[in-house]
Amino acid sequence: MSLFKAVQSVTTPAFGLVRFYASVPAQATVARYEKNGDPESVVKVVKESLKPAGQNEVTVKFLFSPINPADLGIIRGNYPSSVTLPGVGGSEGVAEVLSVGAGVKDVKAGDLVVPSRQGVGTWRSHATVKAADFIVVPNAKGVKPEYLATLSINPATALRLLEDFETLKSGDTIIQNGANSMVGLSVIQLANARGIKTINIIRRSRTDYAELVERMKNYGAFIVVGDDYIRTKEFRDLIADLPRPKLALNCTGGGTATEMTRLLAPGGTLVTYGGMSLKPVTVPTSAFIFNDIKLRGFWLSKYYEQNGVEARKKTLSQLIGLIQSEKLRLWTETHGFNATAFPTALHRAANSNMRDRKVLLQFE
């Protein structure tokens, strides 16, 4: 799926031998912020000079990049990150390599790459950065670049949640809130592929509630219920024939997290990986005493930090294989990247009640 054809080599006094894959533009279009604050106020689309690739650097053209909740948190200044100001938004995306510096051995012009760390700054048309900031995408035949752009965070989180906390087998049950998010939809599909039944909680207040339930069922959800239903006798009757969940996945906090702990099997685990409601996780004392449940937290950035680039590569390869075997689908919407289109994309991403699809920036 290469976008460029001709390869040239140029020697410059400052940068030595640089291999070019077609022409590298003199400027890049960049979504930059000078200070922390409301993303819709502080992020501006500007033009910036693009320097040639140095000895251990690569110049890339981004194809797609998502706007994730963590990206917005980093810009607001309330999410841990290594980004220094002024910063470029975005931590995830897929790019094509245009040129590589003479010292770069493991990346070549024409490769598709994804970031190897948080905070690379992917909301831009082009970038010249350290080659180590990217990893080459493994064999991804048949996988759309839109999917490659979004695999490293949300579906990767879903995979780790299912694999790293409880030993699950076919016939087991898990429960999750925020189930219509990209993580939630990925959990549904990955669990379904293993014969694991999912109980999925979403907001009843949504105007498209019935449509969303039907869509989630099409993704493999076993049960989908509104957040106002989970303390009722009818809900208890609905799940009475199922094994009690070994695993509960919490991305919202608040009341639904509490109710999920009441439902866990003895020795089961509640994993919190988000707090979208901004409300704490409150657990009944009886769940600890009589059911010996476990409370855990998960942050994908810490997982990658502790397990290194090889873990990121392995997770990416697993997810690509699941897409190729048609066990994983992603639901996205794309927006252009310019001063006119970007504010609309940012507004939709910042207001989750406006959409279910993952918002993607598409670079021309």
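The values are calculated or read from the model by the stated rules, or taken from the named source; none is laboratory data. Predicted model only: the values in this text are computed from it and were never measured. Don't worry about glycine lacking a Cβ; one is built from the backbone with ideal geometry, like all the others, and counts go over all protein chains shown.
Annotations for the structure displayed:
- Single residue of the range 179-233 satisfying the filter (among the small types (Gly, Ala, Ser) and surrounded by fewer than 23 Cβ atoms within 10 Å (Cβ to Cβ)) that is modelled with the lowest pLDDT: SER205
- Considering ALA345, ALA349, the condition of being in the same structural domain as ALA28 (by TED's automatic domain parsing) and within 15 Å of the chain's Cα centre (by Cα) is satisfied by ALA349 alone.
- Of all residues in the range 66-93 being outside any loop (DSSP other than H, G, I, E, B) and of a type outside the set (A, V, I, L, M, F, W, C), the one that is modelled with the highest pLDDT: PRO66
- Residue under evaluation GLU166, criteria (1) over 16 Å from the mean Cα position of the chain (by Cα); (2) farther than 25 Å from ASP106 by Cβ; (3) in a helix (DSSP H, G or I), criterion not met: (3)
- For the range 256-364, the strands (runs of 3 or more DSSP E) that sit wholly inside it and include 1 or more residues that are more than 21 Å from ARG160 (Cβ to Cβ) and either at pLDDT below 95 or not small (Gly, Ala, Ser) (or both) are 332-336, 358-362.
- Some residue of the range 16-26 being at pLDDT 90 or above and closer than 29 Å to SER81 by Cα: no
- Against the conditions (1) more than 22 Å from GLN306 (Cβ to Cβ); (2) touching a strand residue (DSSP E or B) at 6+ places or on another chain (Cβ under 6 Å); (3) crowded, with 24+ Cβ neighbours inside 10 Å, SER152 satisfies every one except (1).
- Note on the range 61-82: residues that are of a type in the set (Ser, Thr, Tyr) and over 29 Å from LYS108 (Cβ atoms) total 2.
- First in the range 203-229 and touching a residue at least 40 places away in the same chain (Cβ under 8 Å) and closer than 21 Å to SER277 by Cα, second anywhere and in a loop (DSSP other than H, G, I, E, B) and of a type outside the set (Val, Ile, Thr), Cβ under 6 Å, 6 or more apart: LEU212/ASN180; ASP227/ARG203; ASP227/ARG204
- Candidates THR282, THR252, THR261 - the one that is hydroxyl-bearing (Ser, Thr, Tyr), out of contact with any strand residue (DSSP E or B) (no Cβ under 6 Å at 6 or more places or on another chain) and not assigned by TED's automatic domain parsing to the domain that holds ALA350: THR282
- For the range 234-250, the criterion of being buried (at least 21 other Cβ atoms within 10 Å of the Cβ), of a type in the set (A, V, I, L, M) and more than 17 Å from LEU185 (Cα to Cα) is met by no residue.
- The range 39-65, residues that are charged (D, E, K, R) and either part of a helix (DSSP H, G or I) or under 20 Å from SER277 (Cβ atoms) (or both): GLU40
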